[in-house]
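Reviewing the structure listed below.
The values are calculated or read from the model by the stated rules, or taken from the named source; none is laboratory data. Please read all numbers here as calculations on a predicted model, not as lab measurements. Using ideal geometry, Cβ is built from the backbone for each residue, glycine included, and neighbour counts are taken over all protein chains shown. For accessibility, only protein heavy atoms count, side chains too; no ligands or nucleic acids. Shrake-Rupley method; radii C 1.70, N 1.55, O 1.52, S 1.80 Å.
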Amino acid sequence: MPRNLLDITDLTVEELDELIRVAEDIIDNPEKYQDACAHKQLATLFFEPSTRTRLSFESAMLGLGGSVLGFSSASSSSTAKGETVGDTIHTVSCYADIIAMRHPKEGAPFAAAQVAEVPIINAGDGGHNHPTQTLTDLLTIHREKGRLNNFTIGFCGDLKFGRTVHSLINALSRYENINYVLISPTELKLPRYVKEEALKKRNIPYTQTTDLESVIPDLDILYMTRVQRERFFNEEDYLRLKDSYILTPEKLEKAKEDLIILHPLPRVNEISVAVDKDPRAAYWRQVKNGKFIRMALILKLLGIEVK
Ligand code: NCD
């Protein structure tokens, strides 16, 4: 059975720490890794739009000396003719050594893993999970803060449909002494199943609020998210909720000096462009980290060790 990454809890805390260590070594010594995946092929199958996730995967594989194939929309694959995900994956696993896939249906990568003969990486499944964004987030927190424990993190925006939030909370819940502040409109609160599984079961404290400004001074990390328009059932609700939070330089005046601001991107309106100049804005550094941690992940799932 190939090793997959479908859910972030497929990796132990020791494995997460090891991936971060390898990613940091790749950042420091990229030439050591440049031929590690020679003659290996990564397929990126994106049934949903993407910029960073797909291109960082492709850039990661190219940086390891491998090659890439795939498609970037369902409409250009045989899905448009009515082919099932299972048959598409079965086909691609005849050509590629490893597959990263994104799909609008929750659980699609789990179904894919049933038929694939090569490792499957979940690159986002509907409003459910996004484990490789979480790897990116963990590497960024580690590089910015030097640790993955003892902090207060605020998640702000669409906590209901935001899959990056679900996976990151699942990952962090296994590290020590983290306080969670969940900031969202009432309609977009963190789903109960995430709260139960990740937080309540482990007796981890969290607070919920609708008001970003009142909690900003407490935070060490602020994780902003986009309101996920494509998951809404009606446009009216989206229009009403889309500008619930807009982070501006004024709102950051009361924040800690060493706060870091993360965002998986794309940003729509929730962080004003003026914030980009603030040294606490870490989201463009986060984008860069996404490539290196995916390099480390590809090596791990292919069982390649670089000495
Ligand atoms: C996120 C996603 O696809 O869930 N983007 C990403 O992969 N960096 C966040 C989003 O689309 O809002």
If contacts are Cα pairs under 8 angstrom and at least 6 residues apart, what is the relative contact order of the chain in percent?
20
Identify which of Ile120, Ile27, Ile98 has the largest mean-square fluctuation in a Gaussian network model of the chain, with springs joining Cα atoms closer than 10 Å.
Ile27
Taking the C-alpha atoms of region 167-272, how large are the radius of gyration and the largest Cα-Cα span, Dmax, in Å?
14.4, 41
How high is the relative contact order of region 198-307, in percent, counting Cα pairs under 8 Å that sit 6 or more residues apart?
27
Folded to 0 to 90 degrees: helix 13-28 orientation relative to the chain principal axis, Cα:
80
Net charge dipole size for the chain [Lys, Arg +1 and Asp, Glu -1 on Cβ; Debye, nearest 20]
100
Note the angle between two axes, namely the Cα long axis of helix 131-145 and the longest principal axis of the Cα atoms of the chain, as a number of degrees from 0 to 90, rounded to the nearest 10.
50
For region 24-132, with every protein chain kept in place, what is the accessible area per residue (1.4 Å probe, Å²)?
42
Expressed as a percent, the accessible surface of region 148-307 that is carbon or sulfur, using a 1.4 Å probe and the full set of protein chains, is 49
Order by protection proxy (mean Cβ within 10 Å, highest first), peptides 153-165, 281-293
153-165, 281-293
Can you tell me the 0 to 90 degree angle between the C-alpha axis of helix 163-172 and the longest principal axis of the chain, rounded to 10?
80
Where does the chain land on Rg(C-alpha)/(2.2 N^0.38 Å)?
0.98
Rounded to the nearest 20 debye, dipole of region 1-132 from Cβ charges on Lys, Arg, Asp, Glu
540
Please build a GNM for the chain, connecting alpha carbons under 10 Å apart, and tell me which residue among Thr134, Thr210, Thr53 fluctuates the most.
Thr210
Inter-probe distance in nm under a simple model that places probes 7 Å from Cα toward Cβ, at Lys307 and Thr12:
2.4
Based on the alpha-carbon set only, what is the convex hull volume of region 133-185 divided per residue, in Å³?
69
Taking the Cα centre of region 219-307 as the origin, how large is its charge dipole in debye, to the nearest 20, when only Lys and Arg (+1) and Asp and Glu (-1) carry charge on their Cβ atoms?
480
Can you give the net charge of the other residues whose Cβ lies under 15 Å from the Cβ of Gln208, counting K and R as +1 and D and E as -1?
0
For the pair Lys254 and Arg21, how long in nm is the line joining their label points, each one 7 Å along Cα→Cβ?
4.2
Among bridges DSSP assigns within region 122-231, what percent are antiparallel (round to 5)?
5
The FRET efficiency for Arg229 and Asp28, from their Cβ-Cβ distance with R0 = 30 Å and rounded to 0.05, is 0.15
Build a GNM of the chain with springs between Cα atoms under 10 Å: which of Lys242, Lys201, Lys251 gets the top mean-square fluctuation?
Lys201
Signed unit charges on C-beta, dipole axis of region 185-307, positive-most listed residue Ala255, Leu188, Ile204
Ile204
Just to confirm a number: summing +1 for Lys and Arg and -1 for Asp and Glu over residues other than Ser184 whose beta-carbon lies under 15 angstrom from that of Ser184, what do you get?
+2
Once the Cβ-Cβ distance between Asp237 and Glu213 is put in as r, and R0 is 25 Å, what FRET efficiency do you end up with, to the nearest 0.05?
0.60
Between Lys145 and Leu62, what FRET efficiency follows from the Cβ-Cβ distance if R0 is 41 Å, with the result rounded to 0.05?
0.85
Convex hull around the C-alpha positions of region 84-157: the volume in Å³ per residue is 109
